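The values are calculated or read from the model by the stated rules, or taken from the named source; none is laboratory data. Computed from a predicted structure; not experimentally measured. So basically every Cβ, Gly included, is an ideal-geometry build from the backbone, and we count neighbours across all protein chains shown.
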Number of protein chains: 2
Amino acid sequence: MRGFAQRHTVAAAFAWLDAQLAPLGSEDVPLRLAGGRVLAAPVVSDVDVPGFDRAAMDGYAVAADSTEGATAYNRMPLTVIGDAMPGCPFAGSVSAREAVRVMTGAPMPPGADAVLPAEWIEAEPNEGSAPWISALAAVSPGKHVGRRGEDIVRGTALFEAGRVLRPQDLGVLSSIGHGEARVIRRPRVRLVVTGNELLPSGSRPRGFQIADANGPMLAALIERDGGIVDFPGLVRDDAGTILEALLADADIVIVSGGSSVGIEDLAPTLVAQHGELAVHGIAMRPSSPTGLGRMGHRLVFLLPGNPVSSLCAYDFFAGRAIRALGGRTKQWPYRPMRGALNRKISSPIGRLDYARVRIVNGTVEPLATAGASVLSSATRADGFVIVGDDSEGFAAGANVEVWLYA
Amino acid sequence: MRGFAQRHTVAAAFAWLDAQLAPLGSEDVPLRLAGGRVLAAPVVSDVDVPGFDRAAMDGYAVAADSTEGATAYNRMPLTVIGDAMPGCPFAGSVSAREAVRVMTGAPMPPGADAVLPAEWIEAEPNEGSAPWISALAAVSPGKHVGRRGEDIVRGTALFEAGRVLRPQDLGVLSSIGHGEARVIRRPRVRLVVTGNELLPSGSRPRGFQIADANGPMLAALIERDGGIVDFPGLVRDDAGTILEALLADADIVIVSGGSSVGIEDLAPTLVAQHGELAVHGIAMRPSSPTGLGRMGHRLVFLLPGNPVSSLCAYDFFAGRAIRALGGRTKQWPYRPMRGALNRKISSPIGRLDYARVRIVNGTVEPLATAGASVLSSATRADGFVIVGDDSEGFAAGANVEVWLYA
């Protein structure tokens, strides 16, 4: 009950953690589910898109030569020998003074090398003979034709490994014939929420019990960072039960609560006995009673039960690992902005501080908070400012970096 | 086949569209699924969190008076009369010169109003009598005690309607006893992809057919914006089939392909005949052949089949509607940045242009693209620049706003 004999710096904790982080293996997922996933391998097209020359406008496919010299005052007659529609080519070929009516996307018939737009012709009266039109302007070869491979040439390297797939990327993958994407597997995360004072989420708090806040919060954070959550419910503060959970079928185990050095703090001892407790106690506020370690192949994060500490320790350590195992950036998913502090933030040298702030008329206002147990401070806040362990804080008026929650 | 007689401005299209947009009704969803959803109603707490005074540190609960004057040289003896753990209160009360050992989070026993941290006591030898300790420092009333309601006071308005729920918000909702959140219903979007030249996504393109790019892209866009996608597969260019799809059980119908004024462009005529075709033809590039309308209660978006046009028309109109119906901002979900153009962008007055750009060494480089059918230009691009219809474009060196895709 005497507290931590010594605390690790955040930098030392990162140094250990980052050495453990390598992207997981890959899996093939249907494109339908691949948005936002991370490519595990580069993609090279083995087809041309489109695979044929096609009309880029509605109009008439012609040999450009047939329109040479055409103007409104020097009309060039063209015999219309048929139609081509998208997916439905004209069966023959186009000779001089002939035209095939085409819709945008239709295959260009052999012999035609340009499209005369519908706006540049006039339909002529058809008296029993083949239909004909007059060209009112000339087109040059290639005009209004989408060439084979115009979008993608066979052999083009389209995407590198590590790319987070955007909606249009799925369109491109589909267009080269891929129905699936090879992506990095999502980390499976076992969430272990302990605390005999806790009622399951959805319970009304009563007597000396409180409703679990960390479970729903951490589950949403894990999903935000690309993890698959396994959260079967609260776990009693009992060594056997916690040990079993620490050995779950998962890539990462996150334990919430009981992470310090008190007599009811079982998880750190269990990790030290059955695995490796590499870091325990970190010079930061909140989240000082945080532990990092391994149980076999599993990375283990011991997060304090106080909900703000839990949020902070998750964001510093567990979220970083989930993102990295999933092939994503280690950086926070928060947008940074800069602004002037409207009140000073003090923090002792040797400790990193996570200060919740609001943005008020463009200035940065530190929240007066009552500590690590006041989760509502993290909902009132617009973001947070980090005071490094080499700093005594920031004076009022200082220009600081804010990480925005939303 | 003569093109649009006149085109609507983007502003006119927005004016019609925005008048149609009101958030949908609400539904209750489990907190587990509520991350990122939009609150439909304000939330006021009807409980205090915590519901009792509790220890904020490991140590000894005492009447602060009992420690008055205590120092390392003036030790105050205290009899330890029991323990309190989180969820497990001490059964009795604390009198003068008495202490109850407490863990962080334990209910404060009656009579105690402060916690003497474990670091400030010394355990004394226990020779058969009740255990006792010495206080080495004084604590003031309230010290290291988390008061009832410290986090949330009953009656506090926690969240306003319209809030996009963050992970910590779910924690707070859970802590006040909510197992569900009342959120705005997600818009149901029927995706109708037409085109006889199309093969379903996952097919290798062959002959004069191409693989559907728009279906996977639009489905991912709809989900990004909070919609529920109903995309049962490609739809033949057939009036009866398209009409049936336009009457789907959905809040929004998005038709991809056949949106222009050609003979195979069936959807605009169907919407005009059986509903309202309010906007058809918009002065923008790409996406000029875009239609907006209604079929009964359904909002209908007719998007061009060319995939870049489809992306652009989706982002301008359909995405805006999906977000608004779901209670979200109409604004793009893209992050804006500013940078200097390294080559000019030209655009005629009277037409809005959507110019894909790359960020190269911090400058903004317009992509040389071959038009609306080159979807790979939207994967090579880092974002886009909008040239308004009142502008002839931007000179090289101009500082422009870029909307970043990633």
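What to note about this one:
- Some residue of the range A:360-373 being part of a helix (DSSP H, G or I) and over 28 Å from B:D58 (Cβ atoms): no
- Scope the range A:377-406; condition within 30 Å of the chain's Cα centre (by Cα), without any contact (Cβ under 8 Å) to a residue 60 or more places away in the chain and not in a strand (DSSP E or B); matching residues: A:T379, A:R380, A:A381, A:D382, A:G388, A:A406
- Verdict on A:G149 being out of contact with any helix residue (DSSP H, G or I) (no Cβ under 8 Å at 6 or more places or on another chain), touching a residue at least 12 places away in the same chain (Cβ under 8 Å) and more than 23 Å from B:I263 (Cα to Cα): yes
- Taking the criterion of being surrounded by fewer than 16 Cβ atoms within 10 Å (Cβ to Cβ), in contact (Cβ under 8 Å) with a residue 24 or more places away in the chain and hydroxyl-bearing (S, T, Y), the only residue of the range B:80-117 that qualifies is B:S95.
- The range A:29-43 residues that are basic (K, R), paired with ones that are outside any loop (DSSP other than H, G, I, E, B) (beta carbon under 8 Å, 6 or more apart): A:R32/B:P216; A:R32/B:A219; A:R37/A:V29; A:R37/A:V164; A:R37/A:A181; A:R37/A:V183; A:R37/A:I184
- Among the candidates A:A239, A:A248, A:A272, A:A278, the residue that is away from chain B (no Cβ under 13 Å), among the aliphatic types (A, V, I, L, M) and closer than 18 Å to A:L198 by Cβ is uniquely A:A239.
- Test: residue in the range B:153-171 that is assigned to a loop (DSSP other than H, G, I, E, B) and among the polar types (S, T, N, Q): yes
- Here B:S347 meets the list (1) within 26 Å of A:G149 (Cα to Cα); (2) not assigned by TED's automatic domain parsing to the domain that holds B:L191 almost entirely, failing just condition (1).
- Flag for B:P286 being more than 9 Å from chain A (Cβ to nearest Cβ), under 30 Å from B:P348 (Cα atoms) and touching a His at 6+ places or on another chain (Cβ under 6 Å): no
- Residue among A:V139, A:V193 that is touching a strand residue (DSSP E or B) at 6+ places or on another chain (Cβ under 8 Å), touching a residue at least 40 places away in the same chain (Cβ under 8 Å) and assigned to a strand (DSSP E or B): A:V193
- If you go through the range B:377-402 and keep only what is within 14 Å of another protein chain (Cβ to nearest Cβ) and of a type in the set (D, E), you end up with just B:D382.
- Meets criteria (surrounded by fewer than 23 Cβ atoms within 10 Å (Cβ to Cβ), in contact with a helix residue (DSSP H, G or I) (Cβ under 8 Å, 6 or more places away or on another chain) and among the acidic types (D, E)) for A:D230: no
- Per-region count, the range B:251-264, residues surrounded by fewer than 24 Cβ atoms within 10 Å (Cβ to Cβ) and either of a type in the set (D, E) or within 9 Å of another protein chain (Cβ to nearest Cβ) (or both): 5
- Scanning the range B:359-376 for residues that are touching a residue at least 12 places away in the same chain (Cβ under 8 Å) and either hydroxyl-bearing (S, T, Y) or within 14 Å of another protein chain (Cβ to nearest Cβ) (or both) returns B:T363, B:L367, B:T369, B:G371, B:A372, B:S373, B:V374, B:L375.
- Considering only residues in the range A:102-120 that are modelled with pLDDT under 95 and hydrophobic (A, V, I, L, M, F, W, C), the one that is farthest from A:A70 (Cα to Cα) turns out to be A:M103.
- Meets criteria (more than 7 Å from every other protein chain (Cβ to nearest Cβ), hydrophobic (A, V, I, L, M, F, W, C) and closer than 13 Å to B:P307 by Cα) for B:L218: yes
- Filter result for A:E180 (surrounded by fewer than 23 Cβ atoms within 10 Å (Cβ to Cβ), farther than 30 Å from B:I152 by Cα, under 28 Å from the mean Cα position of the chain (by Cα) and facing another protein chain (nearest Cβ under 8 Å)): yes
- Candidates A:V80, A:V62, A:V94, filtered to the one that is in contact with a helix residue (DSSP H, G or I) (Cβ under 9 Å, 6 or more places away or on another chain), more than 18 Å from B:G202 (Cα to Cα) and assigned by TED's automatic domain parsing to the domain that holds A:M108: A:V94
- Test result for B:T363, over 21 Å from B:S309 (Cβ atoms) and not hydrophobic (A, V, I, L, M, F, W, C): yes
- The range A:111-129 - residue that is under 26 Å from B:L198 (Cα atoms) and not β-branched (V, I, T) and, of those, nearest to the other protein chains (Cβ to nearest Cβ): A:A118
- Unmet criterion (only one of (1) at the interface with another protein chain (Cβ under 7 Å from one of its Cβ atoms); (2) crowded, with 19+ Cβ neighbours inside 10 Å) for B:S203: (2)
- Filtering the range B:309-352 to residues that are within 23 Å of B:F4 (Cα to Cα) and either among the basic types (K, R) or within 28 Å of the chain's Cα centre (by Cα) (or both) leaves B:S309, B:S310, B:L311, B:C312, B:A313, B:Y314, B:D315, B:F316, B:F317, B:A318, B:R351.
- Strands (runs of 3 or more DSSP E) within the range A:9-110 that include 1 or more residues more than 44 Å from the chain's Cα centre (by Cα) and within 13 Å of chain B (Cβ to nearest Cβ): A:59-62, A:76-84, A:98-102
- Subset tally (residues that are closer than 19 Å to B:R356 by Cβ, within 7 Å of another protein chain (Cβ to nearest Cβ) and of a type in the set (S, T, Y)) for the range A:144-177: 1
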